[in-house]
Amino acid sequence: MKKIATAILLLAFFFAFSQQKTIDQKVDALLKQMTLEEKIGQLNQYNDDWKATGPVTVDNNKSDQIRNGQVGSLLNCLGTERTRSWQKIAMESRLKIPLLFGQDVIHGYKTTFPIPLAEAASWDLEAIKKGARIAATEASASGIHWTFAPMVDIGRDPRWGRVMEGAGEDPYLGSKIAYARVKGFQGEKLGGIDAVMACAKHFAAYGAAVGGRDYNSVDMSERMLWEVYLPPFKAALDAGAATFMNAFNDLNGIPATGNKYLQRDILKEKWGFEGFVVSDWNSIGEMQVHGYAKDRKEAAFLAITAGSDMDMESRCYKNNLEELLKEKKIDIQLVDDAVKRILHKKFELGLFEDPYRFCNAERETAALNNPEHVKAAREIGSKSIVLLKNNNHLLPLSKDLKTIAFIGPLVKEHKQNKGFWSIDVPGVDDDQLVVSQWEGLQNKVGKNTKLLYAKGCEIEGENRDGFAEAIEAAKQADVVIMSIGERADMSGEAKSRSDIHIPGVQEELVKAIQATGKPVVVLINAGRPLVFNYTADNVQAILYTWWLGTEAGNSIGDVLFGDVNPSAKTPMTFPREIGQIPIYYSYFNTGRPANKGTNLNYASSYIDLSGSPKFPFGYGLSYTTFEYSDLKLSKNKMNNTGKIEVTVNITNTGKYAGEEIVQMYLRDKVGSVVRPVKELKGFEKIKLNVGETKTVTFIIDNQLISFYNSKLEFGSEPGDFDLMIGSSSADIRLKDGFELVK
Ligand code: BGC
């Protein structure tokens, strides 16, 4: 039996090897036939007409250029019909090299899932993977080969609008999610009919833009780069990410797009990345604006030298590479290497065998109308809602309440629920597709419940004319639900905000409704952690609903009425005030920590505000309660080849079945460089029935406690470690410790 298994394994190995070899050989053979113009064409990517996701450049005759082999890829081109028509033109080119169609399929295609930050709040890796899987199934059926996702940038500044696209502040959680998303998009194996290539972006450190201002500079230590910002990229690579996108920002003075250290030294050499790197939108051309290249020709030189393979929308390669070669400023091998990487992916996707593989209209219709996808979006939606507050168990609500008033500017919205970076599939009406929160509520309650609605106010602006009507509705109700927050286009690319309070007079409206004395539940819709101190301190219950996608209303209804017990936890720290930003849980202790109960004079603190967050990382309530007990370590000493097994019992002590995300944090007490006060190093999401107990196990090994020292060597250092098991980063229930011995 064993022998047969070995033989099969060997055969599979041989097969995989010979396949690999065949693609390499095919790429080489094709490359030999290509003219220089055709080679450069493969590196050239243009925007199509669906929408421009960057500053529009003058259009040129795309059809002719495609026919002449001068274009390798298009973005923002949707649907089997449109992709087929472009591909047809590519098939008229001399070498019939198929086009690649790329698209920002960030959180769903037609079926929109929660924004990535919301999904991250679920800490549910299987659900997150499933979301990406379904997005890929729909997108690939619509002619798309490649998504510009996942965005794996660490986000520690909620002013930065793009935190909504990522997985939050933590490298450990961020890495797990990056891995899950890549696996979801790419499926079992690249080349599957329902898979798209993933693209880990934005390489690198884009999330650390100074002041949270989009596209801004990043200045950071190497150690911070390796320890916090690079791990999710490495995880995406380990999951097999086919492509990477570089970034708009400069890193320590060198634009990421022209950064050889990042793209060649780290990504392609040290990490052995075999896929290709696409620039961000015109980021090659923008190196001139940065003041790093004197003109676009030098920008092309810097980008290709640094390892940026495909040029998105700047035309710098198209217009300059030939001259740079003639002048012997660059070697043809640089161009060949980039072309080979791109062709390889086109072969892997099976496009040379059938360039229309992803252009089947029947499959498209079936994939875009699959009720299973809708069901999954609803489930993931409810898993992403964070219960921030629930005084006196106001939630879940009874379905038999006599009168509910639903108040706020977002109650009847459809499209807003899709969030930024969602796809408007041509011909699809969002009012039909998206379940509004109002409709979600209607779907839930029985016919004996009366629902009252009042808008109250707009999202922005000073107009309070609607307050009176809203107060009137509230007075008639047993319970008031309010839906407030940001508009979907207030977080996303180029949507940085200096003020992240709830906009307009919405919190004033909350105050006015609260004054009626009725029990108030507030739903907060946003793409980032917002500041909402009045609401947080006064109303009875708060659900942070982010932007949940096409099934938003149903997902919210499921949680409000207890059909789903909320289980999400914040993937980013919520500040009390904007002045605390950047704020994250894994800070260094400093020489003068501001600990509770100690003299705050001469402490690392503010004189006008507590340093602690409003809601900490990893925080979220449930309708039930969990007790943590029996923390056990298999031993309290280990050497660097050893392992410690940590077990802890979790019991559901409340009245509802529910899920808990059990978190393990470690602190390396003394290091050759200072270590954070705590670092997430393990988590598990478990489901417990009422009264049930489960044991959660974590394994600590050398890898887990290693870090980058001042020489950037990755390793562990002997000494004492604190071990903390908690329900959030600030709610540590059990503690122990261990020693790493030589
Ligand atoms: C964004 C990328 C995106 C690209 C294409 C850029 O502006 O930074 O994340 O993939 O546009 O839409």
Proximal lysines relative to LYS694, as straight alpha-carbon distance under 16 Å, when same-chain residues fewer than 8 apart are discounted: LYS632, LYS685
Ranking of THR697, THR641, THR112, THR257 by count of other Cβ atoms within 10 Å, fewest first: THR641, THR697, THR112, THR257
Over the chain - Rg/Rh using Cα atoms and the Kirkwood inverse-distance radius: 0.98
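Set the Förster radius R0 to 56 Å, insert the Cβ-Cβ distance between VAL56 and ALA594 as r into 1/(1 + (r/R0)^6), and round the FRET efficiency to 0.05. Walk me through the numbers on the way to the answer.
Details: r = 49 Å, r/R0 = 0.87.
Taking R0 as 56 Å, the efficiency between VAL56 and ALA594 is 0.70.
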Estimated FRET transfer efficiency (GLU627, GLU274; beta-carbon r; R0 41 Å; 0.05): 0.25
Inter-part distance where the stretch 349-375 and the stretch 215-255 are each reduced to a Cα centre, Å: 33 Å
The stretch 622-629 - phi-based ³J(HN,Hα) in whole Hz, Karplus 6.51/-1.76/1.60, Gly and Pro as x: 9, 6, 10, 10, 10, 10, 9, 8
Nearest-ten-degree value, helix 80-90 long axis tilted from longest Cα axis of the chain: 20 degrees
Taking the convex hull of Cα positions in the stretch 237-297, its mean projected area over all directions (nm²): 4.3 nm²
Between the stretch 552-576 and the stretch 591-630, the Cα center-to-center distance that results, in Å: 22 Å
The stretch 380-426 versus the stretch 436-502: alpha-carbon centroid distance in Å: 10 Å
Exposure proxy order (Cβ contacts within 10 Å, fewest to most) of PHE617, PHE683, PHE714: PHE714, PHE683, PHE617
Local net charge near PHE714, Cβ-Cβ under 13 Å (Lys/Arg +1, Asp/Glu -1): 0
Projected label distance in nm at LYS635 and GLU684, using a 7 Å step from Cα toward the beta-carbon: 2.1 nm
Residues LEU609 and GLU462, FRET efficiency given R0 of 30 Å [Cβ-Cβ distance, rounded to 0.05]: 0.65
Most to least packed among 263-276, 481-494, 416-429 [average Cβ atoms within 10 Å]: 481-494, 416-429, 263-276
Fewest-first ranking of TYR356, TYR229, using other Cβ atoms within 10 Å as the exposure measure: TYR356, TYR229
Long-range HN-HN contacts of PHE574 with modeled amide H, under 5 Å: LYS614, PHE615, PHE617
Cβ-based net charge around VAL479, under 10 Å, with every Lys or Arg adding one and every Asp or Glu removing one: +1
Phi-based couplings in Hz for the stretch 709-720 (Karplus 6.51, -1.76, 1.60; Gly and Pro marked x): 7, 5, 8, 6, 8, 8, x, 9, 10, x, x, 8
Karplus 3J(HN,Hα) series, Hz, for the stretch 153-160 with 6.51 cos²θ - 1.76 cosθ + 1.60 (x for Gly, Pro): 5, 5, x, 10, 10, x, 5, 5
Restricting the stretch 299-331 to trypsin sites (Lys or Arg not before Pro) in coil, as DSSP defines it, with at most 10 other Cβ within 10 Å: LYS328
Ordering of 340-349, 543-552, 37-46, 100-109 by packing [mean C-beta count within 10 Å, highest first]: 543-552, 100-109, 37-46, 340-349
Rough spin-label spacing in nm, given labels placed 7 Å along Cα→Cβ, for VAL741 and ASP431: 7.4 nm
Acute angle (nearest 10 degrees) that the helix 296-306 long axis makes with the longest principal axis of the chain, alpha-carbon atoms: 80 degrees
Protection proxy ranking of 131-144, 376-389, 294-307 - average other beta-carbon atoms within 10 Å, highest first: 131-144, 376-389, 294-307
Nearby lysines by direct alpha-carbon distance to LYS475 (threshold 25 angstrom, same-chain neighbours under 8 apart not counted): LYS389, LYS399, LYS402, LYS412, LYS444, LYS447, LYS450, LYS455, LYS511, LYS518
On Cα atoms only, tilt of 467-476 relative to the major axis of the chain in degrees: 60 degrees
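No lab work stands behind these numbers, since they all come straight from the coordinates. Treat the numbers as computed from the prediction; the structure is a model and nothing was measured. Cβ sites come from the backbone with ideal geometry, for glycine too, and all protein chains shown count toward neighbours.
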